[in-house]
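Q: There's a structure below that I have some questions on.
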């Protein structure tokens, strides 16, 4: 992956014309996970591997793990809670993010 | 070779767009702009102009298509008026904010209600903060020349901004006038094909335009736009000078008339300057020291240039063909008042609202305005500094 080259806090003179982004696919560098106030936690004992959390996640932040279970990509999960709501066996709980 | 021809003003602008060899025209017909786009679609249909003519379902779509076309590097033209410009409003800001050179003719028309297809400047003035360069023309020759120059100004790497050429609906658009038309070879020399910027939209080097801008970038983006508008003054001057050197017609931000020893001057934009000149002549015959300043450039506003030009004036009578209800007067009037507030030496500035919805401003009405403005000098001020010149009381 090409490195993210843009200065995140440019002055108005450093800003590219019209604040255009001269490099493709930069949203990958934009970690939206820090918007989150609640974090989904998967209970692997309860999880039946049905994959509905993966289907419903609006951000593609649910990953399939090698053992066939699911976990959450916390770099991008915004903590909306749809996965916890949709899980048919209530294997996902939303835990409040607390600053340490 | 340049040739003297008689042409309808609307067609003069179509001819200029054709000579500029535009790549894309996206427009929706609306009175009093219709003749401009009718002629252009005819040029394309007859094979006289190799351009993509996009029939759109609204002005909002017209400007959207122009934005896309300009972003890939095409030379783009459109035209509208009144309600059409209002419907475009949202996209005007996007064209300027994304720094896309587009040339648009605005056949200035009053905004509804009532349904009024006639000329005043309330359409463009309602969108004056859209970030476009805004030029006002008085006649067919100016419209023709300004359109050719506008492409060169807009596409200059130091500018990269859209330009609106304003001219009065009907009073100018539908009038047949003599102009000196340039031929294709002459225009080619002045206006080569558009240089496509390295960052133009292209599948081989993807770029993103107008993405989400969080609060931490919007201020910098707007500051950059302000700088682009301010700097464009230099380029406008350069392009107008180059045009003058090549074809003998020189333009400036102002066209002063009998201003040398004048104590009072009318200041206004657009086609009624012709009538104002006759009023100036009549008042001069009576021994009054009156002149006229025709303002051509509204954005960027020629601030220091106006201060210099008016330094010997005692009174400025500003005639606006638009106003802001509940505000402090017409747009040119409030602009000029703001400009002079911090100046030590300043003229009395008196505002008049006139010519709304196509009402003609007659010679005697200009003379009444000058007489009324003069009274401000003796302390007889107008409430709030401005008044409706032609309203039935």
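The values are calculated or read from the model by the stated rules, or taken from the named source; none is laboratory data. Everything numeric here is computed off the predicted structure, so don't read it as measured data. We place every Cβ from the backbone using ideal geometry, glycine too, and count neighbours over all the protein chains shown.
Q: Taking into account only those residues within region A:19-55 that are in contact with a helix residue (DSSP H, G or I) (Cβ under 7 Å, 6 or more places away or on another chain) and at pLDDT 95 or above, which is nearest to the other protein chains (Cβ to nearest Cβ)?
A: Ranking the qualifying residues of region A:19-55, first place goes to A:40.
Q: Can you spot a residue in region B:172-192 that is surrounded by 13 or more Cβ atoms within 10 Å (Cβ to Cβ), modelled with pLDDT of 95 or more, out of contact with any strand residue (DSSP E or B) (no Cβ under 9 Å at 6 or more places or on another chain) and within 14 Å of chain A (Cβ to nearest Cβ)?
A: Among the residues of region B:172-192, not one is surrounded by 13 or more Cβ atoms within 10 Å (Cβ to Cβ), modelled with pLDDT of 95 or more, out of contact with any strand residue (DSSP E or B) (no Cβ under 9 Å at 6 or more places or on another chain) and within 14 Å of chain A (Cβ to nearest Cβ), which makes the answer no.
Results for (1) modelled with pLDDT of 95 or more; (2) surrounded by 24 or more Cβ atoms within 10 Å (Cβ to Cβ); (3) under 22 Å from residue B:175 (Cα atoms), shown as yes or no for each residue.
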site	(1), (2), (3)
B:97	yes, no, no
B:102	yes, yes, no
B:108	yes, yes, yes
B:112	yes, no, no
B:122	yes, yes, yes
B:129	yes, no, no
B:135	yes, yes, yes
B:141	yes, no, yes
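Q: Could you tell me which of the residues A:58, A:88 is surrounded by fewer than 15 Cβ atoms within 10 Å (Cβ to Cβ), under 28 Å from residue B:209 (Cα atoms), modelled with pLDDT of 95 or more and more than 14 Å from every other protein chain (Cβ to nearest Cβ)? Break it down stepwise before answering.
A: Details: A:88 fails: under 28 Å from residue B:209 (Cα atoms).
Residue meeting the stated conditions: A:58.
Q: Is there a residue in region B:381-388 that is at pLDDT 95 or above and either within 17 Å of residue B:281 (Cβ to Cβ) or loosely packed, with under 14 Cβ neighbours inside 10 Å (or both)?
A: Checked against the condition, which is being at pLDDT 95 or above and either within 17 Å of residue B:281 (Cβ to Cβ) or loosely packed, with under 14 Cβ neighbours inside 10 Å (or both), region B:381-388 yields at least one hit.
Q: Tally up the residues in region B:205-220 that are within 7 Å of another protein chain (Cβ to nearest Cβ) and closer than 10 Å to residue A:20 by Cα, please.
A: Residues that pass the stated criteria total 4.
Q: Next question. Which of (1) within 20 Å of residue B:202 (Cα to Cα); (2) within 21 Å of the chain's Cα centre (by Cα) does residue B:23 not meet, given it meets every other one?
A: With respect to (1) within 20 Å of residue B:202 (Cα to Cα); (2) within 21 Å of the chain's Cα centre (by Cα), residue B:23 is out only on (2).
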